[in-house]
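Here's the structure, in structure tokens; my notes come after.
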Amino acid sequence: MTKLTDFYESIFGCKTYKISLDAGCTCPNRDGTKGTGGCIFCSQSGSGDFASDRNLSIREQVEHGIKLVESKVHGRSGERHGKYIAYFQNFSSTYGDAHTLLDKYRESLLCEDVEGLAVATRPDCLNADILNGLAEISKSHFVQIELGLQTSNESTAGMINRCYTNQDYIDAVQKIKNTAPDIHIVSHLIFGLPGESEQDMMNSVKFVVKHNGTGQSFGIKITVLYVLKDTPLACMYQNGQYQPLSQEEYFSLLKKALPLLPSNCIVHRLTGDPPKSQLLAPTWPTDKKRILNEMKRIF
């Protein structure tokens, strides 16, 4: 098990930051192709609450994102410290015309100090044209594909309106490995989904390890489930049908999950960064610095 900062530094030779971009996509469980409304926890911005304005060009989004990072991290703008990964984060960033999307990916990599590409998507939104294009990009740049799995419990998946199967995930991982073995695959899990037991969550971790754990390094993101305003989950929470995990409960789950990860697993995230203006519960993750310090102390 390796920390993300160490992993990126081994590739880029310096501190590396991800900047959130918007490719202008939606999702098949929003536009009616597979469903409507999206996953029950997903915000109106498609979990890209910190992405730049999609009305800006990709180059403009990159410049805006770099300025935000530099201002936040270093207290100033105009100076650059380290390298950047263009992170197409919200909705399903491979869902759309392949030619148009690949042009946007390539445009981001033409920007100064952008050395890598990360694309977040669903396992059922990786067609051959997109994968072949990303494979070509991976010959000259670091490429990371993030697959939102959330849970390996198919009953939970149906309840949260995920609208794809575990087999879709398995097939996506295999297609990526077959097409472009240099692409770094990251799987996203959520702890605290409605009705899930501790065993369900540990099974999800084991499922990711099983289908990624041999050969090259792979990544994992684990976050606690947030209740955001104007989502179906918010209605469940307000009606008393859902209670989020406490910090103690979440940390206890992490203590049991981390030993399940092999040495070639890169831990990308163990805590999220919820938008405070939209967050209903739980409120404990909003003090990110304190939570990160607590995680360092415990883990």
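When LEU270 is tested against (1) at pLDDT below 95; (2) more than 18 Å from THR151 (Cβ to Cβ), just one condition goes unmet, and that condition is (2). The residue pairs whose first member lies in the range 109-120 and is farther than 19 Å from GLU9 by Cα and β-branched (Val, Ile, Thr), whose second member is assigned to a helix (DSSP H, G or I) and open to solvent by less than 10 Å² (accessible area, probe 1.4 Å), and whose beta carbons are closer than 9 Å, counting only pairs six or more residues apart or on different chains, are VAL119/LEU101; VAL119/TYR105; VAL119/ILE130; VAL119/LEU134.
Which of the residues spanning the range 219-258 are among the acidic types (Asp, Glu) and outside any loop (DSSP other than H, G, I, E, B)? So that I can check it myself, show each step before the final result.
Within the range 219-258, the subset among the acidic types (Asp, Glu) is 230, 248-249.
Hits for the range 219-258 are GLU248, GLU249.
GLY195 meets the conditions (1) more than 29 Å from GLU136 (Cβ to Cβ); (2) of a type in the set (Gly, Ala, Ser); (3) touching a Ser or Thr at 6+ places or on another chain (Cβ under 6 Å) in every case but one. The failed one is (3).
Of all the listed residues (GLN199, GLN216), the sole one being assigned to a helix (DSSP H, G or I) and surrounded by fewer than 15 Cβ atoms within 10 Å (Cβ to Cβ) is GLN199. The residue of the range 96-114 that is nearest to ARG59 (Cα to Cα), among those that are open to solvent by less than 10 Å² (accessible area, probe 1.4 Å) and not hydroxyl-bearing (Ser, Thr, Tyr), is CYS111.
Give, as residue ranges, the helices (runs of 4 or more DSSP H) completely inside the range 122-193 that count at least 2 residues that are among the acidic types (Asp, Glu) and open to solvent by 10 Å² or more (accessible area, probe 1.4 Å). Step through it out loud before you land on a result.
Details: elements: 128-137, 154-159, 166-179.
Helices (runs of 4 or more DSSP H) meeting the threshold: 128-137, 166-179.
For the range 233-243, give me each residue that is more than 18 Å from SER277 (Cβ to Cβ) and crowded, with 16+ Cβ neighbours inside 10 Å. Give the steps one after another, and end with the answer.
Going through the range 233-243, the residues more than 18 Å from SER277 (Cβ to Cβ) turn out to be 235-236, 239-243.
MET236, TYR242, listed by residue number.
The values are calculated or read from the model by the stated rules, or taken from the named source; none is laboratory data. Source: prediction; values computed, not measured. Methodologically, a virtual Cβ is constructed for each residue, glycine included, from the backbone with ideal geometry; neighbour enumeration extends over all protein chains shown. In case anyone asks, the SASA skips ligands and DNA or RNA and just uses the protein heavy atoms, side chains included. Shrake-Rupley method; radii C 1.70, N 1.55, O 1.52, S 1.80 Å.
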